[in-house]
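What follows is calculated from the coordinates using simple rules that are stated; it is not laboratory data. On a predicted model such as this, the values are computed, not experimentally measured, just so you know. In this analysis, Cβ positions are derived from the backbone assuming ideal geometry, glycine residues included, and neighbour counts consider all displayed protein chains.
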Amino acid sequence: MSRGILITFEGGEGAGKSTQIKFAASYFRKKARKVLVVREPGSTPIGEQIRNILLHPKNKKMAVETELFLYVAARAQLVKEVIEPALKKGIVVISDRYEDSTIVYQGYAGGLPVDFVGRIAAAARGKIMPRLTFLLDVNVRSGLRRSGRSDRMEKKPVAFHERIRNGFLSLARKNKKRFVVISTNQSQKEVTQKIKEALDHAF
């Protein structure tokens with residue numbers, strides 16, 4: 001049996017991750033691999049309840065520390081309940097967000113010390129790290145227009161979302177072997193082509 005693979009998609013709001021995740025899933029299915037797509041936070045009963053709390057617009061007073069521990073709790077559940085068992089079965093797991101989002105949203109953008117956030121996040125996921133991470137780099141204002149700004153995180157100020165973009169790019173520079181950065185300032189088809197090329201090269 002082939003070993004399981006974890007691939008993650010990251011990016012700011014409105015980056016178009018959903019479309020490209022569908023393509024990546026079909027890419028592996030065409031190679032006769034079993035594929036599981038998950039989202040963060042969520043994809044477990046507990047994770048979906050946490051997602052509700054985190055993203056509900058009424059929870060305006062949520063402290064960034066609370067965000068951190070809730071996101072990490074949802075991930076710990078997802079890793080134990082879903083991702084780890086799937087990888088053991090040789091399944092390709094594609095996740096819409098993972099640890100990098102926590103480091104960027106609660107660290108770089110939220111103001112918590114990045115090293116501290118990294119240590120907490122690492123404790124939640126154990127040894128389960130992605131083989132490949134696609135960062136869809138989106139212009140902040142056009143991304144927010146596409147997202148509709150309906151949930152609590154999307155409604156944060158534009159300056160917060162600028163820090164998110166810069167944080168992701170900074171992480172990508174530090175982890176060049178794992179990250180593939182693709183600008184969304186091109187057609188959807190061109191983005192998909194770049195993802196295909198990166199998958200061909202890696203697998």
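Choose one of V138, A86, L70: the residue whose Cα lies farthest towards the positive end of the charge dipole of region 5-202 (beta-carbon charges +1 Lys, Arg; -1 Asp, Glu; about the Cα centre). Farthest along the dipole direction, towards plus: A86. Per residue, the convex hull spanned by the alpha carbons of the chain comes to 109 Å³.
Across region 174-183, coupling constants 3J(HN,Hα) worked out from phi with the 6.51/-1.76/1.60 Karplus curve, θ = phi - 60°, read 7, 10, 5, 5, 8, 8, 10, 9, 10, 6 Hz, and Gly and Pro carry x.
Database remark: amide H of L6 closer than 5 angstrom to the amide H of V93, R131 (H placed geometrically; neighbours at sequence offset of 5 or more, or on other chains; Pro and chain starts carry no H).
Given K127/K176; K156/K176; K17/K127; K17/K176, which pairs have Cα atoms separated by over 22 Å? Kindly include the intermediate steps, with their values, before the conclusion.
Values: K127/K176 19 Å; K156/K176 29 Å; K17/K127 25 Å; K17/K176 20 Å.
Over 22 Å apart, Cα to Cα: K156/K176; K17/K127.
Comparing R125, R165, R145 in a Gaussian network model of the chain, where Cα atoms under 10 Å apart are tied by springs, the biggest mean-square fluctuation is seen for R145.
Under the convention that each Lys and Arg Cβ holds +1 and each Asp and Glu Cβ holds -1, the size of the dipole of region 5-202 around its Cα centre is about 420 debye.
So, R0 is 30 Å and r is the distance between the beta-carbons of E162 and M62; what FRET efficiency does that work out to, to 0.05? About 0.90, to the nearest 0.05. Summary value for region 5-202: 32 percent relative contact order, contacts being C-alpha pairs under 8 angstrom separated by 6+ residues. State the Cα centre-to-centre distance between region 1-45 and region 143-202 in whole Å. Here the answer is 15 Å between Cα centres. Extending 7 Å from Cα along the Cβ direction at M129 and again at D151 yields two label points whose distance is 2.6 nm.
For a protection proxy built on the mean count of beta-carbon atoms within 10 angstrom, sort 40-46, 94-100 highest first, please.
Result, highest mean first: 94-100, 40-46.
Which of the peptides 18-25, 4-11 is most tightly packed, and how do the rest follow, judged by the mean count of other Cβ atoms within 10 Å per residue?
Working: 18-25: 16.8, 4-11: 24.6.
Peptide ranking by packing, descending: 4-11, 18-25.
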